[in-house]
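Trainee: My structure is below; once you've seen it, I'll send some questions.
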Amino acid sequence: MLYLDNSSTTNILPEVKDTMLTYLTEEFGNPSSKYYSIAENAHSAIEYSREMVALLIGCQKDEVFFTSGATESNNMILKGIADFYQEQNNHIITTKVEHPAILETCKYLEAKGFEITYLDVDSFGRIDIQNFKEILSKNPPLLVSIIWGNNEIGSLNPISEIAEICDSHNVFFHTDATQVIGKLETNINFEPGINFLSGSAHKLHGPKGSGFVIIRKDALGLPIKLTPLLHGGGQEKDYRSGTHSVHNIVGLGKAAEIANNKLKDNIDNLLKLENELKNILSTQFGEQIIFNNDISNKIPGLLSVQFKGVNNEVLVKNLANDIALSTGSACSSSKPSHVLEACGYPIDQIRSTIRFSLSPYNEVSELKIFERL
C-alpha cells in the first residue's frame, strides 16, 4: 500500500526503533534514580535527546521539555499561562483554523470565563496581519496562539512577523509547529517573540506518545512561569511531573537527530515528490481537480485537492486497499473540515477535498499508481 497520510502520522525509522528497544530491554532504569548505571544511562540518554531536539528547533537545550505529544504541549501552555496570569489578563487570541488541541482548549477556557478572540483567515488559512495588529492594540491579550503551518492545507503563517508584533506589545506568543518541524528550517534563537512552541515525535518518523514543548526564558534569563498541567515528583523542572517515558524520549531524540542531519535533502525530496504528484494528478484528472494550496508558501509535501463531484469519504474508502489518504485532520475526521470552512469553502467543495501528505522517504516510482486509477 502507498502511504500518503504523513500529516496524520509517520512510520518509525529503523534507527529510531533500534534505539528505543535498547531503552526498553537493556537500559530500563528510571532516570530520576541515582548512582547505579542503568539509571544514570537513562538520564544521559534523555539529556542527549533534549540536545537533539534543541538543535532541530534552533533553541537552547534547557528550553526543551518533554511531554506525551503536541496535544499535551498545547494544553500545558494555554491552560498553564491562563491559570498563572489570570488575575492580570484573561484575553487570549487564536485563529479559526487551529488544530482541535488548541480550539477545544480555548473552548474550555472560554467556559471558565476567559475571553477568546478567534481570528478570521484568508482563503489559504492565514491571518490578516493588519487586522491582528488592530485587535491586539484595542484589547491587548495575555497570550496569542497561532499555528505555524496548517495541518490540512499546509499554509504558513508569517510567524516571524507575528512574533515581533507580540514581542513589541509584551504579549506571550505560542505557536503549534507540529507540522513544520523537520520540513522547514527553524531557528527560534533569532525569534525572541516566540515564547512557546509545541511539537510531536510521530510527525517526524518517531514514536507516538512522545512530544515536546519549548519554554523560552524571560528577561532575567529564567524560564517563563506557568501552572503545571501535571503535578507530582517534579520531573522536567516541575513543568511536567511523571516518570520519564525513556524509550519514547530517546525515540524522539533519534528522530530529531536524523531529521536535522537530513533536513535539506528531506525538503528537496518532498518538493520533488510534490511536483511529481501534482503533474500526475493534473495529467490524469485535468479539470476534474482543483488544488486548494498556496503552492508558493506552504509546507513541502502537503497537497489539498478537490475532486469535483466526488465525495471524499467514498473516494478514501474505495482507494483504501491501495493508497492511504485522508479527508483532513485525523483528530476531527468525523466532521467536515473546520479549516476549509473558515477559509470560505462551500460544503460541497469541502466534502470533495482530499489531503495528500508525502514523506521524504516516498519514491517517485510509487506515485505512478495514480496513473492506473
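Trainee: Pull up region 116-165, narrow it to residues that are under 20 Å from I224 (Cα atoms) and touching a residue at least 60 places away in the same chain (Cβ under 8 Å), then point me to the one that is surrounded by the fewest Cβ atoms within 10 Å (Cβ to Cβ).
Mentor: It comes out as L142.
Trainee: Moving on. The conditions are (1) touching a Ser or Thr at 6+ places or on another chain (Cβ under 6 Å); (2) without any contact (Cβ under 8 Å) to a residue 40 or more places away in the chain; (3) within 30 Å of I116 (Cβ to Cβ), and N75 fails exactly one of them. Which is it?
Mentor: (2)
Trainee: Give region 3-19 a look and list any residue that's open to solvent by less than 20 Å² (accessible area, probe 1.4 Å) and part of a helix (DSSP H, G or I), or say none.
Mentor: V16 - this is the single residue of region 3-19 that is open to solvent by less than 20 Å² (accessible area, probe 1.4 Å) and part of a helix (DSSP H, G or I).
Trainee: For F285, which of the numbered conditions (1) within 17 Å of G125 (Cβ to Cβ); (2) in a helix (DSSP H, G or I); (3) at pLDDT below 95 fails to hold?
Mentor: All conditions are met except number (1).
Trainee: Would you mind finding the one in H231, H247 that is part of a helix (DSSP H, G or I), under 30 Å from H43 (Cβ atoms), more than 19 Å from the chain's Cα centre (by Cα) and at pLDDT 95 or above?
Mentor: H247
Trainee: I've got another one for you. Which strands (runs of 3 or more DSSP E) sit wholly inside region 166-228 and have at least 1 residues that are open to solvent by less than 10 Å² (accessible area, probe 1.4 Å) and aliphatic (A, V, I, L, M)?
Mentor: Of the strands (runs of 3 or more DSSP E) lying wholly inside region 166-228, those with at least 1 residues that are open to solvent by less than 10 Å² (accessible area, probe 1.4 Å) and aliphatic (A, V, I, L, M) span 196-200, 211-215.
Trainee: Another question, then. Being farther than 20 Å from S145 by Cα and either open to solvent by 70 Å² or more (accessible area, probe 1.4 Å) or in contact with a Cys (Cβ under 9 Å, 6 or more places away or on another chain) (or both), is that true of even one residue in region 73-90? Walk me through how you get there before you give the answer.
Mentor: Initial filter on region 73-90 (farther than 20 Å from S145 by Cα): none.
Scanning region 73-90 turns up no residue that is farther than 20 Å from S145 by Cα and either open to solvent by 70 Å² or more (accessible area, probe 1.4 Å) or in contact with a Cys (Cβ under 9 Å, 6 or more places away or on another chain) (or both).
Trainee: Still on this model: Could you please find all residues in region 134-161 being in a strand (DSSP E or B) and over 18 Å from N195 (Cα atoms)?
Mentor: Correct list: S155, L156.
Trainee: Oh, and also: How do the pairs read when you match residues in region 270-283 that are among the hydrophobic types (A, V, I, L, M, F, W, C) with residues anywhere that are part of a helix (DSSP H, G or I) and surrounded by fewer than 17 Cβ atoms within 10 Å (Cβ to Cβ), using Cβ under 7 Å and keeping only pairs 6 or more apart or on different chains?
Mentor: Note: pairs meeting the criteria are L273/V364; I280/E371.
The values are calculated or read from the model by the stated rules, or taken from the named source; none is laboratory data. Quick caveat: nothing in here was measured; it's all calculated off a predicted structure. Cβ sites come from the backbone with ideal geometry, for glycine too, and all protein chains shown count toward neighbours. SASA here: full protein model, heavy atoms, side chains in, ligands and nucleic acids out. Shrake-Rupley method; radii C 1.70, N 1.55, O 1.52, S 1.80 Å.
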